Amino acid sequence: MNAAGSVLSAITYKVFVRRLFRMGNLKRARFGQFLRASGLFSRPRHLNHVSQANQHLPTKTSTRPDMEPSSRDRSIDITQLVNGSDLFDSAWYLNQYPDVAASGHHPLSHFLEHGWKEGRDPGPGFHATWYLHQYPDVAAAGVNPLVHYLVMGQAEGRLPTKLGRNVLPLDAYFASGLFDAKWYAKSNPDLGYSSEWDLLEHYLVYGWKESRNPSPLFYTHWYMTRYAHVLFEQYDPLTHYLRFGQKQNYLPAPVDVGRILDTVSQQYRDLKDLEPDLASQFSETDAQHLPISTKYIRGAMELCWNELFQRIPHLYQRIIFVPWLIRGGADLEAIYAMRAYIEQAGVQSVLMVATDSDRDDARDWLPDGAAFLSYDECLAAVNCQTPLSFEDRVHLTATLIHSLRPQAILNVNSRACWETIERYGTVLGQSSELNAALFCRDFDENGRSAGYSQTYFRPCLHHLSNVLFDNARFREELIQEFFVPERLQSRLQVVYQPWTTAPTKPVPRKQNPQTSRILWGARICRQKAPDILMEVVRRCPELEFDIHGVGDEAVRQPLKDFASQQPNARLLEPFADFGTLPHQQYCAFLHTARWEGLPNALLQAAGYGIPIVASDVGGISELVDDDTGWLIRDVENPSAYAEALRFIHNHPRIVEEKVANMLERIRQRHGWSNYLQQMGVPCPANSGGEL
């Protein structure tokens with residue numbers, strides 16, 4: 001301790017204060033300069049809370065400076081000292097103590113004569129009772145605690161409040177919007193405080209240490225975790241942010257909390273409609289006071305949704321749901337729909353979402369700039385090892401539609417989306433037009449009808465605005481099977497799929513009489529009858545067969561073994577684009593199937609002028625008939641296919657006639673302009689060619 005400190009310590013507080021106020025004004029000013037120069041006294045900078053209400057107080061000086069001031073002169077000197085400090089606030093004093101305001105006393109005079117003795121505080125920046133309790137030697141001296149602090153206490157390192165020195169002016173916390181007294185009280189009912197000053201004091205002293213948040217816009221624990229150095233700078237997190245953090249572009253919370261709370265509020269209001277049973281378990285709680293976790297969420301669905309939420313930059317007019325994006329016919333039809341919507345409203349208007357699998361090897365089919373999201377890809381991005389359950393996928397789909405509220409959705413074979421429509425179609429249909437595509441029925445191993453048409457068509461039809469079919473035959477079958485009333489039949493629309501490079505006029509393909517190669521391309525599965533294909537290959541040793549496709553290994557392996565032993569058969573990988581094949585080298589396209597819609601593979605092959613031999617199932621007869629190709633009505637008879645292939649190889653003139661008829665049918669029914677019209681999209685003048 002230096003000399004000045006030794007002197008001050010040697011004098012009792014009571015005697016020192018009395019002697020200080022017996023000094024003349026000049027001596028007291030010089031002594032003050034000495035204290036400030038010594039570093040033992042400085043004006044408080046941590047609470048810059050200056051009241052303007054005291055500027056008109058009268059001030060007097062002794063008429064005889066060489067004489068000891070009278071008791072009244074000494075009182076006036078105390079008034080000047082306190083009034084000149086930052087710690088007395090007249091307006092605050094009167095507002096805090098209405099009995100003083102009612103009595104007509106001047107607030108400063110009342111505090112100096114009575115207030116401090118009654119335990120009243122001079123302002124929000126000084127706690128008189130706490131000061132006396134914290135420093136019993138001051139209480140024993142019997143002096144005004146504020147006067148003691150101004151004269152000696154601050155110089156000795158004593159604190160004006162339990163808040164310490166580093167706090168800001170208290171009004172700054174309220175003005176920042178980051179301390180909400182009402183929110184703090186409601187979120188922490190255990191406190192029992194009602195005064196906004198007491199609530200702020202609690203947070204600055206205790207609340208932040210207990211990881212309580214001062215408002216829904218500031219996350220205490222997250223801030224201290226992200227900016228760990230704050231703990232070593234002797235600031236509470238909120239004060240640190242207001243003093244330094246916001247200037248350095250620190251974040252007060254992990255994400256856009258306001259956006260989250262608005263979303264929570266909206267979804268809470270809609271909860272009763274979407275999930276009546278779940279909503280009944282909650283009271284009408286203000287969503288602004290629901291707890292928000294700032295820790296990493298562990299559930300696969302929650303992690304996936306959070307990643308999806310971050311990847312969606314804006315709202316979309318239309319969402320197309322697919323199970324995956326592979327090189328299949330249904331996937332291609334989803335791509336066609338996306339292209340049509342983009343022509344109508346732009347690439348920013350459409351989102352495609354894969355719900356059921358992470359398979360996405362046909363991403364190159366997407367139009368340039370098109371938005372595509374996959375649940376499994378989002379989950380992998382956050383390194384979650386727990387797979388999504390089917391229920392997770394359904395809830396994600398329902399939440400996505402309910403949150404984005406697109407103008408319309410189109411479901412193209414997504415099981416999660418079908419289930420979502422069945423469960424929540426009533427509610428989701430109020431804000432979005434629900435549409436789905438159906439292509440053909442499926443069959444199980446026992447030959448019983450199965451698939452989405454069997455499972456979801458009946459329960460979902462009353463939720464759907466449109467059901468799109470790529471062939472008329474399947475539409476009529478479902479109308480008959482499910483007794484669809486006439487008033488609902490208008491929802492069942494036939495939309496023939498396009499051949500995007502459809503020629504503007506018939507261009508007969510030149511048949512090469514030397515060509516003996518046959519093309520087969522499809523997904524290798526029971527539906528495509530690989531057993532019939534193998535038998536046709538055996539019966540046509542003079543023809544060469546290029547077999548393109550992938551499928552379940554249990555089905556593909558026998559075909560692989562067969563091709564390795566059969567000299568006129570090659571098993572190849574699926575082709576990325578029909579246009580890349582040497583189609584001039586093929587004399588026919590063979591399609592074996594036991595059930596079918598209207599496969600795009602047939603449409604593509606026919607569009608390139610390759611003669612078609614196909615089974616008469618599903619909607620194939622709407623493309624292939626006796627005028628345009630070779631339709632095999634005895635679908636289980638391999639000899640019928642073999643005879644048609646031999647006829648094509650030996651009768652080039654008839655082949656040319658049928659190919660010309662096929663090209664004309666494609667031009668009239670499957671052109672791009674016709675497709676846009678069926679989809680309800682205005683047709684641009686230059687549509688009809690390649691996209």
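When Gln288, Gln266 are checked against the criterion of being farther than 28 Å from Thr386 by Cβ, open to solvent by less than 70 Å² (accessible area, probe 1.4 Å) and either assigned by TED's automatic domain parsing to the domain that holds Leu178 or at pLDDT below 90 (or both), a single residue qualifies: Gln288. Just one of the listed residues (Lys162, Lys182) is open to solvent by 40 Å² or more (accessible area, probe 1.4 Å), farther than 16 Å from Leu242 by Cα and not in a loop (DSSP other than H, G, I, E, B), and it is Lys182. Taking the criterion of being exposed (fewer than 12 other Cβ atoms within 10 Å of the Cβ) and touching a Cys at 6+ places or on another chain (Cβ under 7 Å), the only residue of the stretch 536-566 that qualifies is Asp552. What about Arg475, is it of a type outside the set (A, V, I, L, M, F, W, C), more than 39 Å from the chain's Cα centre (by Cα) and on the phi < 0 side of the Ramachandran plot? Considered against the rule, which asks whether it is of a type outside the set (A, V, I, L, M, F, W, C), more than 39 Å from the chain's Cα centre (by Cα) and on the phi < 0 side of the Ramachandran plot, Arg475 comes out as no.
Condition (residue is over 17 Å from Glu656 (Cα atoms), open to solvent by less than 30 Å² (accessible area, probe 1.4 Å) and of a type in the set (D, E, K, R)) applied to the stretch 567-581: is it met by at least one residue? The answer is no, given that none of the residues of the stretch 567-581 is over 17 Å from Glu656 (Cα atoms), open to solvent by less than 30 Å² (accessible area, probe 1.4 Å) and of a type in the set (D, E, K, R). In this structure, Thr239 does not satisfy being modelled with pLDDT under 85 and assigned to a helix (DSSP H, G or I). Residues of the stretch 185-214 that are at positive phi and either touching a Ser or Thr at 6+ places or on another chain (Cβ under 9 Å) or buried (at least 18 other Cβ atoms within 10 Å of the Cβ) (or both): Ser211 alone.
Of all residues in the stretch 514-560, those satisfying the criterion of being charged (D, E, K, R), more than 25 Å from Asp361 (Cβ to Cβ) and not in a loop (DSSP other than H, G, I, E, B) are Arg517, Asp531, Glu535, Arg538, Arg539, Glu544.
Tallying residues that are surrounded by 15 or more Cβ atoms within 10 Å (Cβ to Cβ) and either assigned to a helix (DSSP H, G or I) or touching a residue at least 24 places away in the same chain (Cβ under 8 Å) (or both) within the stretch 631-645 yields 8. Identification of strands (runs of 3 or more DSSP E) wholly contained in the stretch 340-435 with 2 or more residues that are closer than 19 Å to Ile326 by Cα and either among the small types (Gly, Ala, Ser) or in contact with a Gly (Cβ under 8 Å, 6 or more places away or on another chain) (or both) yields 371-374. With respect to the conditions (1) closer than 19 Å to Phe88 by Cα; (2) touching a residue at least 40 places away in the same chain (Cβ under 8 Å), Trp130 lacks only one, and its number is (2). So for the stretch 586-599 (the condition being surrounded by fewer than 23 Cβ atoms within 10 Å (Cβ to Cβ) and without any contact (Cβ under 8 Å) to a residue 40 or more places away in the chain), does at least one residue qualify? No - not one qualifying residue is present in the stretch 586-599.
The values are calculated or read from the model by the stated rules, or taken from the named source; none is laboratory data. Remember, it's a predicted structure, so these values are computed and weren't measured experimentally. Glycine gets a Cβ as well: all are built from the backbone with ideal geometry, and neighbour counts include every protein chain shown. Accessible surface is based on the protein model in full, side chains and every heavy atom, while ligands, DNA and RNA are left aside. Shrake-Rupley method; radii C 1.70, N 1.55, O 1.52, S 1.80 Å.
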